[in-house]
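A.B. asks: Structure incoming, see below.
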Amino acid sequence: MCSKAQSQRGIKDSGVRKVRESIEQFLKDNYKMEILANEYIIYVPYTTVDAFEKTVYDILGELDSKADMRNCFIEADVYCYELGLTW
């Protein structure tokens, strides 16, 4: 199965452009990211809901690390409407 997770864009602080580019490239390369109405939409393959949730947490951790390396931070509200999940 594959589910769609959505996250509102929110990267704050100086160095925003480079962080945003890095994060967007990571999401495009790994999760077929699209941007619609100021939201990132990614497609996450999974076999169980637990695996899906772990993957979402791993993605958020990776995004946070990319921002932190440039002294920035992320704010994310993540939704999976298909499964009724939020993070």
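A.B. asks: Enumerate the pairs (first residue in segment 62-77 and under 19 Å from Lys28 (Cβ atoms); second residue anywhere and open to solvent by 70 Å² or more (accessible area, probe 1.4 Å) and hydrophobic (A, V, I, L, M, F, W, C)) with beta-carbon separation below 7 Å, excluding pairs fewer than 6 apart on the same chain, so at least 6 apart or on different chains.
C.D. replies: Close Cβ pairs satisfying both conditions: Ala67/Phe73.
A.B. asks: Another question, then. Does segment 29-38 contain any residue that is of a type in the set (D, E, K, R), at pLDDT 90 or above, within 24 Å of Gly84 (Cβ to Cβ) and out of contact with any Pro (no Cβ under 6 Å at 6 or more places or on another chain)? Please lay out each step first, then the result.
C.D. replies: To start, the set of residues in segment 29-38 that are of a type in the set (D, E, K, R) comprises 29, 32, 34.
Restricting the remaining residues to those that are at pLDDT 90 or above gives 29, 32, 34.
From the residues that got through so far, the ones that are within 24 Å of Gly84 (Cβ to Cβ) too are 32, 34.
Restricting the remaining residues to those that are out of contact with any Pro (no Cβ under 6 Å at 6 or more places or on another chain) gives 32, 34.
Checking segment 29-38: at least one residue is of a type in the set (D, E, K, R), at pLDDT 90 or above, within 24 Å of Gly84 (Cβ to Cβ) and out of contact with any Pro (no Cβ under 6 Å at 6 or more places or on another chain).
A.B. asks: If you don't mind, there's one more thing I want to ask. So, in segment 57-87, exactly how many residues are touching a Phe, Trp or Tyr at 6+ places or on another chain (Cβ under 6 Å) and of a type in the set (A, V, I, L, M)?
C.D. replies: Going residue by residue through segment 57-87, those that are touching a Phe, Trp or Tyr at 6+ places or on another chain (Cβ under 6 Å) are 67, 78, 86.
Next cut, of a type in the set (A, V, I, L, M) only: 67, 78.
Here the count works out to 2.
The values are calculated or read from the model by the stated rules, or taken from the named source; none is laboratory data. Treat the numbers as computed from the prediction; the structure is a model and nothing was measured. Because the Cβ atoms are built from the backbone with ideal geometry, glycine has one as well, and the counts that use them run over all protein chains shown. When the accessible area is computed, the model is the full protein with side chains, heavy atoms only, and any ligands, DNA or RNA have been set aside. Shrake-Rupley method; radii C 1.70, N 1.55, O 1.52, S 1.80 Å.
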